[in-house]
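Shown next, in structure tokens, is the structure this report addresses.
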There are 2 protein chains.
Amino acid sequence: MSIREEKKKKTKNAILQAAITLFTQNGYDQTSIEEISKSAGVGKGTVYSYFQTKKDIIKGFCEYDLEQIHLELVKNSNPDASLLEQMLTIYMTEFKHVTRNREFGRLFMRESVFPDDADVKDHCELEDKYFQLLFPIVTRAQDRGEVRKDAELLHITAHFYSLYILIMSAWYTGRLSTEEIEPAMETLFRQALEGLKANTDIQPQHIEKIDE
Amino acid sequence: MSIREEKKKKTKNAILQAAITLFTQNGYDQTSIEEISKSAGVGKGTVYSYFQTKKDIIKGFCEYDLEQIHLELVKNSNPDASLLEQMLTIYMTEFKHVTRNREFGRLFMRESVFPDDADVKDHCELEDKYFQLLFPIVTRAQDRGEVRKDAELLHITAHFYSLYILIMSAWYTGRLSTEEIEPAMETLFRQALEGLKANTDIQPQHIEKIDE
DNA sequence: AAAAAAAATTGACTGCAGTCGAGATTTTTA
DNA sequence: TAAAAATCTCGACTGCAGTCAATTTTTTTT
């Protein structure tokens, strides 16, 4: 690695480190780029040669971090557990991770779910990688006869992802406290698997109570 | 109505009108508060006595507008149509409305789904009103035996809302084009009703193909 | 109807995000 | 290894969001 590349890596890290520290300490809005640059020992302009905008710094941090988590999660998850269990583990881990810092999480979710047009490409790549990790889990569940095969993988994955977003929203709007997240997620995931329609054409005794 | 209240109403309207016109014409970021104030014939400070922030102007516009749409929708919707049909009508109308202006819609969705802590209360009130409008529709579907009764109204409503958010996200990330929205929404809503699990314990011939 | 109180309006001001051209540093060329 | 080219660094500068104390307008009191 050349001197230049070496330095760039160090500088980028220093900026990221300084930014995260200051953001955590004083809040995102209360931290100026100039403070970050001073703390990282570089000029203000240099920060902008590593990150396009202030939001980008958070994005850079969260994305890198999440990618690590995803890889770990999928590796460590028990491939024989039920789809429900596996999805719960994955999305609860993701929830805990993203909400470690309320402010970062909010900015990250906003940008992830409703990205600026300029960031769409970037964001989709990350999401695609994620889906590629989830697909084998769903496929295995299909092979076990746990999940219908007449639905696209992407759609099945999308249902869980969609409920994850909903739950994040409920947390940010204060409708769910941190403790209520896990049971709520389980209920909703269960309902997604079971279906919302009344099971009229099945024997009534087969209906299980799912809601609390 | 006193002279003062009269004037306030007029001024607020003038600001909103000027803002929407300029935002639409030149884009949100390219429009400054000062331009808006000049165009509305007031001082810059006055704008801030009617709206707390720049984003608030968009919010004020969208919220008022949406509330009208909601009321109309629920009044005009056919109470005897299936839940699927009704939900599709409602959320497709909402989709079309929110995405009339791509930029406004994005800002509105970000703030609605992941609101700033300061805006949570405000936002929840609007959402609650919305849910109150949807509940009777779901209740009627339950009475018709279309939807399970062992699930909370809020949960059932939440499933559809969650898929609506997902679809908005897919539109903003370019995964779905405008024409693809309606069929995608129908597929996902259907799947939510039917459930994702394989119907192993039902007679196989009862399984319907839902995916395209 | 005049004085006092309350509320609304104003634009100069502050602080920060993001830009840009000049200068420093590293790499490539000769 | 010196000159030329490419890349990185910098902080002064621009433009705008949001604040605030002074002023004007309306309402209430006497």
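From the list A:35, A:5, exactly one residue is over 21 Å from residue A:106 (Cα atoms), out of contact with any Lys or Arg (no Cβ under 6 Å at 6 or more places or on another chain) and modelled with pLDDT of 90 or more. Which is it?
The match here is A:35.
State which residue pairs qualify: first residue of a type in the set (A, V, I, L, M) and inside segment A:29-47, second residue within 7 Å of DNA strand C (Cβ to nearest atom) and part of a helix (DSSP H, G or I) in any location, beta carbons under 7 Å apart, and separation of 6 or more residues or different chains.
Every condition considered, the pairs that remain are A:33/A:44; A:33/A:54; A:47/A:33.
Can you tell me which of (1) more than 16 Å from DNA strand C (Cβ to nearest atom); (2) open to solvent by less than 60 Å² (accessible area, probe 1.4 Å) is the one residue B:103 doesn't meet?
Against the list (1) more than 16 Å from DNA strand C (Cβ to nearest atom); (2) open to solvent by less than 60 Å² (accessible area, probe 1.4 Å), residue B:103 comes up short only on (1).
Go through the residues of segment A:138-149 one by one and say whether even a single one is out of contact with any Phe, Trp or Tyr (no Cβ under 7 Å at 6 or more places or on another chain) and at positive phi.
Within segment A:138-149 (the criterion being out of contact with any Phe, Trp or Tyr (no Cβ under 7 Å at 6 or more places or on another chain) and at positive phi), the answer is yes, since at least one residue qualifies.
Residue check: is residue B:17 buried (at least 20 other Cβ atoms within 10 Å of the Cβ) and either more than 14 Å from DNA strand D (Cβ to nearest atom) or acidic (Asp, Glu) (or both)?
Against the criterion (buried (at least 20 other Cβ atoms within 10 Å of the Cβ) and either more than 14 Å from DNA strand D (Cβ to nearest atom) or acidic (Asp, Glu) (or both)), residue B:17 does not qualify.
I'd like to know if segment A:62-70 contains one or more residues that are without any contact (Cβ under 8 Å) to a residue 12 or more places away in the chain, more than 16 Å from DNA strand D (Cβ to nearest atom) and not small (Gly, Ala, Ser).
Yes, segment A:62-70 has at least one match.
Out of A:7, A:75, A:55, which single residue is near DNA strand C (Cβ under 8 Å from one of its atoms), basic (Lys, Arg) and under 24 Å from residue A:129 (Cα atoms)?
Step by step, each of A:7, A:75, A:55 is checked, and only A:55 is near DNA strand C (Cβ under 8 Å from one of its atoms), basic (Lys, Arg) and under 24 Å from residue A:129 (Cα atoms).
With (1) of a type in the set (Val, Ile, Thr); (2) under 19 Å from the mean Cα position of the chain (by Cα); (3) facing chain B (nearest Cβ under 7 Å) as the list, and residue A:178 as the residue in question, which single condition is left unmet?
(3) is the only condition that residue A:178 fails.
Would a scan of segment A:131-139 turn up a residue that is within 14 Å of residue A:94 (Cβ to Cβ), open to solvent by 20 Å² or more (accessible area, probe 1.4 Å) and touching a helix residue (DSSP H, G or I) at 6+ places or on another chain (Cβ under 6 Å)?
Checking segment A:131-139: at least one residue is within 14 Å of residue A:94 (Cβ to Cβ), open to solvent by 20 Å² or more (accessible area, probe 1.4 Å) and touching a helix residue (DSSP H, G or I) at 6+ places or on another chain (Cβ under 6 Å).
The values are calculated or read from the model by the stated rules, or taken from the named source; none is laboratory data. Since the structure is predicted, the reported quantities are computational estimates derived from the model, not experimental observations. Ideal geometry is used to build each Cβ from the backbone, glycine not excepted, and the neighbour counts take in all protein chains shown. The area values use the complete protein model at the heavy-atom level, side chains included, leaving out ligands, DNA and RNA. Shrake-Rupley method; radii C 1.70, N 1.55, O 1.52, S 1.80 Å.
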